[in-house]
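The values are calculated or read from the model by the stated rules, or taken from the named source; none is laboratory data. This structure is a prediction, so every number in the text was calculated from the model and none was measured. So basically every Cβ, Gly included, is an ideal-geometry build from the backbone, and we count neighbours across all protein chains shown.
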């Protein structure tokens, strides 16, 4: 049986690289809102105030929930909290497809 080929790459750097790619994609999508601003306003038929207000509400909740998520992460561990957050986020994206009014 052949031995496992040795590599000189520390596995921790693979984790760092994967985390970098995931965070780059997540933050890139989150903060690219301005690129889609005019298209959202036109497509939804909402005023610029309504569209920017929706993003402002998102950012307020986003920032206000950081301490809560930190406590949940400390208490229940990252696996359970990440699973819950992933389910919550995917549910939110699914519900966003049904938006037809600003309220």
Pairs under 6 Å by beta carbon, first residue without any contact (Cβ under 8 Å) to a residue 40 or more places away in the chain in region 29-54, partner loosely packed, with under 11 Cβ neighbours inside 10 Å and assigned to a loop (DSSP other than H, G, I, E, B), six or more apart or different chains?
none
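Check 17, 38 and return the single one that is touching a helix residue (DSSP H, G or I) at 6+ places or on another chain (Cβ under 9 Å) and farther than 21 Å from residue 90 by Cα.
Only one candidate qualifies: 38.
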Keeping to region 42-54, report how many residues are surrounded by 13 or more Cβ atoms within 10 Å (Cβ to Cβ), in contact with a helix residue (DSSP H, G or I) (Cβ under 9 Å, 6 or more places away or on another chain) and either part of a helix (DSSP H, G or I) or at pLDDT 90 or above (or both).
5
Test residue 69 against the stated conditions and say whether it is surrounded by 10 or more Cβ atoms within 10 Å (Cβ to Cβ) and closer than 22 Å to residue 84 by Cα.
yes
What number of residues within region 91-103 satisfy the criterion of being surrounded by 10 or more Cβ atoms within 10 Å (Cβ to Cβ) and at pLDDT 90 or above?
1
